Every structure is written in structure tokens, then in C-alpha cells.
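The values are calculated or read from the model by the stated rules, or taken from the named source; none is laboratory data. In this text, all values refer to a predicted model and were calculated from it rather than measured experimentally. Using ideal geometry, Cβ is built from the backbone for each residue, glycine included, and neighbour counts are taken over all protein chains shown. Just so you know, the surface numbers come from the protein's heavy atoms only, side chains and all, with ligands and any DNA or RNA stripped out. Shrake-Rupley method; radii C 1.70, N 1.55, O 1.52, S 1.80 Å.
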Amino acid sequence: MMSRNMLGSSSRLMRQCRCNASTLNSKAAPATVSVVQTEMPDCDFQPPQYKGPSYDNIKELRKNHLTPNMTAYYKKPLLMHSGHMQWLFDHDGNRYLDMFGGIVTVSVGHCHPKVNKALEEQIKILWHTTNIYMHPKIHEYAQRLTAKFPGDLKAVYFVNSGSEANDLAMLMARLHTGNQDILTLRNCYHGMSPYTMGLTAHSTWRFPLPGVANSIHHVMNPDPYLGIWGGSKCRDSPVQTDRTCDCNSETGCKAADLYYNELEQTFKYSLPRGRVAAMFAESIQGVGGTVQFPKGYIKKAAELVRANGGVFISDEVQTGFGRTGDHFWGFEGHGIVPDIVTMAKGIGNGFPMAAVVTTPKIAQSLGMALHFNTYGGNPMAGAVGIAVLDVIEEEQLQKNSLEVGTYFLKKLAELRDKYEIIGDVRGKGLMIGVELVSDRTTKAPLGVPHVLEIWETCKDMGVLFGRGGLNGNVVCLKPSLCVQKIDVDFTIQVLESIFANHYLKKPRDWRKHEHK
């Protein structure tokens with residue numbers, strides 16, 4: 001097991017690599033060099049001693065009492081006990097750098113003191129009462145949250161999860177427009193309730209239930225890396241694809257125009273003329289593998305939807321609350337003001353809360369019948385939500401996301417230039433994806449066994465990250481916004497050690513050059 005401050009035995013085994021990372025793309029034979037022993041950044045927090053059930057007992061309880069679909073990460077799942085800012089601690093006291101943020105949920109840091117204090121103070125006064133009574137926190141928070149939005153986005157409805165938020169947004173759109181047809185992009189993820197499952201366009205997340213499609217249409221995904229069109233000037237990102245591109249500032253993005261033409265075909269042939277309810281889009285696709293769209297596509301799509309009687313819905317479940325760095329909301333990077341915005345995850349730093357923000361006019365559609373959410377916006381949620389906004393502002397975490405995220409992306413791009421196993425690096429701020437491939441030319445995804453080996457080894461060396469994309473081959477790096485450059489350096493060194501070691505172990509056809 002690793003110590004609390006150092007990389008463990010797995011990293012020591014990798015200290016000697018029979019290749020020089022700087023020569024991987026040259027024709028010179030790789031030299032035998034040492035990979036420098038990397039020290040985990042310091043942390044002065046000491047977790048309390050674990051006093052819960054034994055590890056084996058927890059495994060038995062999980063097996064016997066949780067549904068079998070509740071699968072855990074890693075061959076030997078981690079039993080997490082404590083968290084502090086960007087760090088997690090298991091039951092044995094081992095420390096891990098959390099580069100996934102609880103699936104892009106811990107926005108300001110695990111157990112942030114100010115958020116903890118706000119919750120502690122609130123639960124001493126009032127845990128819960130529904131919004132059938134007035135209590136101050138829901139009103140204070142509604143004012144603070146809607147102040148973050150442009151235009152007429154001033155009406156908010158609080159719920160408990162991203163699926164609930166998108167579910168409600170679908171209902172609002174259909175009631176407001178009187179139309180039924182909704183569009184989403186292939187490769188998107190918008191939830192797992194029976195209603196939102198139809199929006200989600202990943203076969204791995206869809207159950208064979210009748211009525212799931214329910215007038216929902218999945219259109220071509222405008223992906224500059226894996227899609228039909230796209231190239232080195234198409235993404236709003238510090239790092240671009242290695243595909244050639246003749247777009248320029250005068251003519252705009254040609255890939256965006258071509259994908260938009262495909263979207264128009266759906267309107268021409270598959271939808272009732274002028275009778276669309278809505279289009280959903282994540283500002284950057286999250287579960288789909290941190291996929292960004294060509295510049296200008298979302299703005300044109302929103303205009304087309306509105307011209308056909310619909311509303312545009314921006315899913316900010318992963319990209320909201322400063323994560324993309326240059327803006328507080330991901331949709332701002334696309335130059336649009338949506339009609340409805342959904343959010344969850346980072347809104348509560350791990351507290352189960354979510355929201356739908358829209359215009360007062362659209363919100364009035366819910367007055368057609370009674371609609372109620374028992375826990376949405378309760379006193380505890382309001383107190384946590386306000387504290388999260390305070391921390392983001394006071395600690396300038398949006399700025400930190402931009403600066404540290406850009407640094408991270410550029411460091412990852414340097415790794416991409418060294419190792420053929422990395423096909424693409426993309427993202428903005430601290431919303432980052434690294435696509436692992438077995439062949440950079442064909443973009444064939446790296447096989448699951450190899451991805452799992454990298455994933456497991458990275459965990460053993462003290463860094464936790466997620467996996468995304470349809471094939472599970474995208475490294476998802478979406479940490480708390482408090483993460484620092486020293487944490488990035490540690491992560492990069494761990495990844496480079498693993499990639500260098502992986503390069504040596506795999507067949508020769510994985511190498512860009514044959515050494516004869």
C-alpha cells in the first residue's frame with residue numbers, strides 16, 4: 001500500500017523504464033533512463049480513524065443488500081472513508097488525488113469548511129419543510145442563483161438530481177410549446193429516469209422499455225475528432241485535434257456548417273413542420289467523453305429550433321458553476337442564451353440538489369396542473385447552494401479552473417505528442433478528456449483490458465480518474481475547482497510513467513517506428 005505522502009510500491013516498480021520519453025517519436029533507439037520518483041503533493045489534513053464495518057463485511061453487505069447493477073470501480077474496490085478538498089482517504093488512511101471530483105460533482109472541494117459550516121448551522125435551526133410554507137433559504141438562494149444568468153432567465157424550480165431537472169425541462173418545453181418532438185445529439189447523456197432515458201443516446205444506458213423514444217430524435221453528433229467533419233481550428237479549446245482544417249476567422253467553421261446541414265435534414269424529413277418542442281444539448285458532452293462541438297454549431301441549432309416553434313435547453317449538469325473556466329455557464333462559450341437551463345452535480349458540491357432555470361413565461365406552463373417536489377429547495381439545500389456560490393466567488397475558483405485547466409490541457413498535449421496511445425486531448429477549464437487509441441490513424445479505441453490496466457495502475461499510484469465515451473476509452477479528468485498546478489504535475493508524471501511502461505510492454509505494432 002502507498003504511504004500518505006508518497007507514491008507506493010507500484011510507482012517504485014516503474015522507476016526504471018527502458019525508453020526515453022523524449023525519443024518515442026524519433027527513429028533513434030530508445031535509451032534506458034530513470035523515471036524520476038514523484039512525491040505526492042503535501043496535505044496537512046489527517047483523516048479520522050475509520051471505525052466502520054470491516055472491508056470484507058462491507059463487500060458482503062454490498063453483495064447481499066444492494067442491487068447487482070451497483071458495480072464498483074477497480075478490481076479491489078476502494079472503501080472511502082474521508083475527504084478533504086481535492087483528496088480522498090480510504091479506510092486504511094491511504095490518500096488519493098481525486099481527479100474525477102465524485103463524477104464531476106465536488107465543485108469546491110470535499111468537505112469544504114465553509115460549505116460544512118453553512119450546513120451545520122442550518123441543521124441546528126431547521127432541516128426540512130417543503131415549499132408549501134415559506135422559509136428564507138429557498139428565496140435567498142433563488143435570488144443568488146438567478147443573478148448568475150443573463151436575459152430573462154429568472155425563474156427557478158428546485159429538484160434533487162440532474163435526471164429530475166432534465167425530466168422537468170422536457171415537461172416544461174412540451175407544455176409551453178404545445179409540441180411533442182424533442183431533439184438531442186447522438187452520444188449525449190441527459191439522465192436515466194424513464195422519461196430522460198429517451199434523451200440519452202448511448203446504447204449502454206438504455207433499457208429495452210416500450211415508449212422510451214416517445215417523439216425523441218437523435219441527430220448526428222458534431223464531433224470534430226471522431227465525426228465526419230472537423231479539424232484543427234474547430235474547437236473552442238486550448239488544444240485542437242490533429243486533423244487538417246481550412247477554417248478561418250472570415251469564413252467561420254466549415255465543419256459547423258456541414259453538421260448544421262445534417263441537422264436541417266432532420267427538420268425537413270423527420271419532424272412536423274414548425275412543430276418542434278425543444279432541442280437539448282450539453283455545452284460539452286460529459287459521459288460521452290468530453291466531446292466539444294465545432295464553433296458556431298450550437299448557436300445555429302438554437303436559431304433553427306426556435307424558428308420551428310421550439311425552445312433550446314442547455315444541460316449544464318457537468319459544465320456549470322465555472323467548470324469551463326472562461327465562463328460561469330458552458331452555454332456562454334457558445335454565444336447563446338438558452339430558453340431553459342438544467343443544472344445539478346456541482347451546484348451542491350455533493351449535496352443532492354439540482355435546478356431548472358427558465359423564463360417566467362415558460363415557467364407559467366406548470367400552472368396547468370399541480371406540480372410538486374418534496375425535497376427540492378429545502379432549507380439544507382438552500383444553505384449549501386448559497387455557500388457553494390460564496391466559495392466560488394471568494395476563492396476565485398472559476399479563474400483557477402481556467403488557469404489550472406489550461407495548464408493541464410497543455411501538459412496533456414505534450415504527452416499526446418510523445419505517446420501514440422493518446423489520440424486526442426480536449427476540453428476547457430477543468431472539463432478534460434484524453435482519448436486513448438490503439439491506432440492513431442484509424443482512431444480505433446484502445447481495448448478495454450489495456451484501458452483497465454492503465455486505470456488500475458493510476459489508482460495504485462495515487463490518482464483517481466473516470467472513464468467516459470461509448471467504448472470507455474476516454475480518461476475523464478474533472479477534479480474539484482480547487483485543484484492546483486502541483487497536483488496537475490503529479491498527475492502528469494504518474495500518467496507518463498504508466499504510458500512509458502505500457503509502451504514497452506505492448507507488441508511492436510503499437511510503436512510509431514519500428515527499430516530494426
Practice task
State, to one decimal in nm, how far the label point of Arg206 lies from the label point of Lys75, with both points 7 Å from Cα in the Cβ direction.
Solution key: 3.5 nm
Exercise for the section: Can you spot the lysines whose alpha carbon is less than 23 Å from Lys124's alpha carbon? Ignore those fewer than 8 places along the same chain. Expected result: Lys114, Lys137
Exercise for the section: Could you pull out the longest piece of the chain with no exposed loop chymotrypsin sites (Phe, Trp or Tyr not before Pro) in it, calling a site exposed if DSSP puts it outside H, G, I, E, B and it has at most 12 other Cβ atoms within 10 Å? Expected result: 134-371
Practice task
Round to the nearest 0.05 the FRET efficiency obtained for Cys111 and Glu414 when R0 = 30 Å and r is the Cβ-Cβ distance.
Solution key: 0.35
Practice task
Would you rank Asp152, Asp167 by solvent-accessible area, highest first, keeping every protein chain in place and using a 1.4 Å probe?
Solution key: Asp152, Asp167
Completion exercise
The FRET efficiency for Glu456 and Glu395, from their Cβ-Cβ distance with R0 = 25 Å and rounded to 0.05, is 0.15
Problem - Helix-only mean residue ellipticity at 222 nm for the chain, each DSSP H run of n ≥ 4 adding -39500 (n - 2.57), per residue, nearest 500 - result: -10000 deg cm²/dmol
Exercise for the section: Show the residues, 5+ positions off or on another chain, whose built amide H is closer than 5 Å to the amide H of Asp424. Expected result: Glu435
Practice task
Using only the Cα atoms of segment 209-264, each taken as one equal point scatterer with no solvent, compute I(q) by the Debye sum, divide by I(0), and report log10 of the ratio at q = 0.22 Å⁻¹.
Solution key: -0.82
Exercise for the section: Please turn the phi angles of segment 362-373 into ³J(HN,Hα) values with the Karplus equation 6.51 cos²θ - 1.76 cosθ + 1.60 (θ = phi - 60°), one per residue in order, whole Hz, x for glycine and proline. Expected result: 5, 4, 4, 4, 6, x, 5, 7, 6, 9, 8, 10
Practice task
Please go through the residue pairs Lys268/Lys299; Lys51/Lys478; Lys418/Lys478 and name each one whose alpha carbons sit more than 21 Å apart in this structure.
Solution key: Lys51/Lys478; Lys418/Lys478
Fill in the blank from the handout: Nearest-0.05 FRET efficiency for Ser232 and Tyr133 at R0 = 41 Å, using Cβ-Cβ distance, is 0.15
Practice task
Quantify how much of the Cα-Cα distance distribution of segment 113-395 extends past 33 Å, in percent.
Solution key: 23 percent
Problem - Those lysines that a straight Cα-Cα span of less than 20 Å connects to Lys75, excepting residues fewer than 8 apart in one chain - result: Lys59, Lys63, Lys459
Practice task
Pop a pseudo-label 7 angstrom from the Cα along the beta-carbon direction at both Asn214 and Glu140 and give the gap in nm to one decimal.
Solution key: 3.7 nm
Handout entry: At 0.692 mPa s and 37 °C, Stokes diffusion of segment 224-376 via Kirkwood alpha-carbon radius, µm² per second
Key = 192 µm²/s
Practice task
Send over a whole-number figure in Å² for the accessible area per residue of segment 113-395, probe 1.4 Å.
Solution key: 41 Å²
Practice task
With a 1.4 Å probe and every protein chain left in place, tell me how much accessible area Asp44 has, in Å² to the nearest 10.
Solution key: 140 Å²
Practice task
Just tell me, in residue order, which DSSP H segments of the chain are both 27 angstrom or longer along the helix axis (alpha-carbon based) and at least 0.0 in mean Kyte-Doolittle hydropathy.
Solution key: 485-505
Problem - Two-site label geometry, Ile125 and Thr67: point separation in nm, points 7 Å out along Cα→Cβ - result: 3.7 nm
Problem - Per-selection metrics, the chain (Cα): Rg and Dmax in Å - result: 23.4, 78
Completion exercise
Here the residues of segment 208-240 lying in the modelled label zone of Asp439, meaning backbone nitrogen under 20 Å from a point 7 Å along Cα-to-Cβ, are 225-229
Exercise for the section: Just the number, please: carbon plus sulfur as a percent of the accessible area of the chain, 1.4 Å probe, no ligands or DNA/RNA counted. Expected result: 54 percent
